[in-house]
Amino acid sequence: MNAITPPPGGNSHAVHLISLSINGKKHELEVRPWTTLLDLLRENLQMTGTKKGCDHGQCGACTVLVDGRRINSCLTLAVMHDGAELTTIEGLASEDALHPMQAAFVKHDAFQCGYCTPGQICSAVGLANEGRAHSSAEIREMMSGNLCRCGAYNNIHDAVQEALPVCRGEGTA
Amino acid sequence: MIPFAYSKPTAVDEAVKMAGPDARFIAGGTNLLDLMKENVARPERLIDINALPLRDVETTATGGLRVGALVPNSDLAWHPEVEARYPLLSQAILAGASPQLRNMATTGGNLLQRTRCYYFYDSAVPCNKREPGSGCPAKEGVNRIHAILGASDQCVATHPSDMCVALAALEAEVIVTGPGGERRIPFADFHRLPGDQPERDNVLEADELILAVELPAERFTTHYAYLKLRDRASYAFALVSVAAALEMDGDRISTARIALGGVAHKPWRVAEAEALLVGQLADQANFAKAADALLRGAQPLEHNAFKVELAHGAIIRALGEAAGGITQ
């Protein structure tokens, strides 16, 4: 994934200049076409809060919010997001307070090893923005893109259920 | 991922001119980038079509709905016109992938997603779809998820989409453009059976671009069901899925559409099965006859014989749910 040696044949693999707002801060970045959004965050910007689990869009650990919508950052190229506003787990809390979804995860002990947690929380904030999940069954269905190999699902569900109305009221992220 | 060149045209004709066998269009990228990471797809150039004006959903002159190729799956499933006029489509889309993937994946891209056959995905083994003429390890290998209908000696892969199963039942059209201009392709003719060219999933040419999917004027807003059976409750590909749509005249069926997913190289419809139901009572016995007709000629492999019985039951249940009205 982190290929940096372009093949022979010249400048068609040129570096592209993109502008990206990440957690409210504007970045002008030079990216190779094949750098995924996830690798840009983790490898180029050392923002390692967003996790690489499967790198194939099957686990949801890499979930971030682009213009408020949750996506898998492993299955999209950074160069495709020129001009976008990106929110990662590092950008959810304010100066002095956790985001309500983060606070709910802490309160409900909604993790064990914690590796899937940033993706779970970003996904849950995206879920709140969508405004489609109300019942317990809907929360479970619409959080199914985030796997937790420790099996903390029940507590994750409880945290999301408690924080959803709070997040919606605030129109977060 | 093997390095490639990247460009982002802003006009359709510009994008089409850039197309070629060494290039691929990229929209959501959810399947293409995955295939590139696995070295299954190795384009030398990616043409990013996200700046093209293909994001509109609009009612057509004939009362249908034209959906731009770049409309994301989630936006389409939750579009008020789709929820009200094509609820079967909405239901099928929401049965597929995950919310994150549906936010990225597009209407055109969903049509073009490739099989999830494990052998196709594993570039270390032969696969006629990936390397024509190299062989098909799935036929004698682990073939639990593979086709029971319409397969060939060369390929037993299935088409993975849920959305396409509903589009087949709704008889959508695919509008594409290329150097020769625009053409409209009936949904039933868009995807192909593998035959002796398993490398071709559909009839789109390398230099053609999908502009839109067009739905005919709405029908089936009351009697419809999308039933998807899979190895876990959510976020898995279908082992078998059924899109069922009926129109009722009293207690008799006046129109029936049934499309199956997970069983063939394309959404599977059988005209005879649908015709059998016309004028008949919506009961188990008639549904079973339709199921028999849909599955006639099924040729299961070593590990997927269960799909025949599973599909038979699923067809009966989906038709029953559809006949019962909107209470799924």
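The values are calculated or read from the model by the stated rules, or taken from the named source; none is laboratory data. Keep in mind that this is a model prediction, so the values were computed, not measured. Here the Cβ positions follow ideal geometry from the backbone for every residue, glycine too, while neighbour counts run over all protein chains shown.
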Inset, instruction - Starting from segment B:242-260, keep only residues that are touching a residue at least 40 places away in the same chain (Cβ under 8 Å), then list their pairs with residues that are part of a strand (DSSP E or B) and basic (Lys, Arg) whose Cβ atoms are within a distance under 6 Å, requiring at least 6 positions of separation or different chains. - result: B:Ala245/B:Arg257
Inset, instruction - For segment B:170-223, enumerate the residues that are among the β-branched types (Val, Ile, Thr) and either touching a residue at least 60 places away in the same chain (Cβ under 8 Å) or out of contact with any helix residue (DSSP H, G or I) (no Cβ under 7 Å at 6 or more places or on another chain) (or both). - result: B:Val174, B:Ile175, B:Val176, B:Thr177, B:Ile185, B:Ile210, B:Val213, B:Thr221, B:Thr222
Inset, instruction - Taking A:Ser12 as meeting all but one of (1) outside any loop (DSSP other than H, G, I, E, B); (2) at pLDDT 95 or above; (3) facing chain B (nearest Cβ under 7 Å), write down the number of the exception. - result: (2)
Legend entry - segment A:129-148, subset touching a residue at least 12 places away in the same chain (Cβ under 8 Å), over 16 Å from the mean Cα position of the chain (by Cα) and crowded, with 17+ Cβ neighbours inside 10 Å, residue nearest to the other protein chains (Cβ to nearest Cβ): A:Arg140
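Yes or no, residue by residue, for (1) over 23 Å from B:Ala290 (Cβ atoms); (2) surrounded by fewer than 24 Cβ atoms within 10 Å (Cβ to Cβ); (3) of a type in the set (A, V, I, L, M, F, W, C):
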| residue | (1), (2), (3) |
| --- | --- |
| B:Pro186 | no, yes, no |
| B:Arg200 | yes, yes, no |
| B:Ala217 | yes, yes, yes |
| B:Thr222 | no, yes, no |
| B:Gly250 | no, yes, no |
| B:Thr255 | no, yes, no |
| B:Val263 | no, no, yes |
| B:Glu274 | no, yes, no |
Inset, instruction - Check A:Gly119, A:Gly126, A:Gly151 and return the single one that is under 25 Å from B:Asp231 (Cβ atoms), buried (at least 16 other Cβ atoms within 10 Å of the Cβ) and either among the β-branched types (Val, Ile, Thr) or within 14 Å of chain B (Cβ to nearest Cβ) (or both). - result: A:Gly119
Inset, instruction - Return the total of residues in segment B:120-146 being under 14 Å from B:Ala41 (Cα atoms) and of a type in the set (Ser, Thr, Tyr). - result: 2
Inset, instruction - Report, by residue number, each residue of segment B:77-119 that is touching a strand residue (DSSP E or B) at 6+ places or on another chain (Cβ under 8 Å) and free of Cβ contacts under 8 Å to residues at least 40 places away in the same chain. - result: B:His79, B:Glu81, B:Val82, B:Pro99, B:Gln100, B:Arg102, B:Asn103
Inset, instruction - Output the qualifying pairs, or none if there are none: Cβ atoms under 7 angstrom, residues six or more apart or on different chains, first residue in segment B:40-67 and in contact (Cβ under 8 Å) with a residue 60 or more places away in the chain, second residue part of a loop (DSSP other than H, G, I, E, B) and among the charged types (D, E, K, R). - result: B:Val40/B:Arg130
Inset, instruction - Kindly state which strands (runs of 3 or more DSSP E) lie completely within segment B:16-66 and contain at least 3 residues that are within 22 Å of B:Glu173 (Cα to Cα) and within 13 Å of chain A (Cβ to nearest Cβ). - result: none
Inset, instruction - Scan segment A:129-161 residue by residue and report those that are outside any helix (DSSP H, G or I) and either on the phi > 0 side of the Ramachandran plot or not aliphatic (A, V, I, L, M) (or both). - result: A:Gly131, A:Arg132, A:His134, A:Ser135, A:Ser144, A:Gly145, A:Asn146, A:Cys148, A:Arg149, A:Cys150, A:Gly151
Legend entry - Yes/no for B:Ala95 being touching a Ser or Thr at 6+ places or on another chain (Cβ under 6 Å) and outside the structural domain of B:Arg42 (by TED's automatic domain parsing): no
Legend entry - Failed criterion for A:Cys74 (all others in (1) part of a helix (DSSP H, G or I); (2) assigned by TED's automatic domain parsing to the domain that holds A:Ala163; (3) free of Cβ contacts under 8 Å to residues at least 40 places away in the same chain hold): (2)
Legend entry - segment A:77-101, subset over 18 Å from A:Met47 (Cα atoms) and not in a loop (DSSP other than H, G, I, E, B), residue farthest from the other protein chains (Cβ to nearest Cβ): A:Pro100
Inset, instruction - Tell me, please, whether a residue that is outside the structural domain of A:Gly68 (by TED's automatic domain parsing), touching a strand residue (DSSP E or B) at 6+ places or on another chain (Cβ under 8 Å) and under 18 Å from A:Arg69 (Cα atoms) can be found in segment A:137-153. - result: yes
Inset, instruction - Residue by residue through segment A:80-97, note down the ones that are in contact with a helix residue (DSSP H, G or I) (Cβ under 7 Å, 6 or more places away or on another chain) and surrounded by fewer than 19 Cβ atoms within 10 Å (Cβ to Cβ). - result: A:Ala93
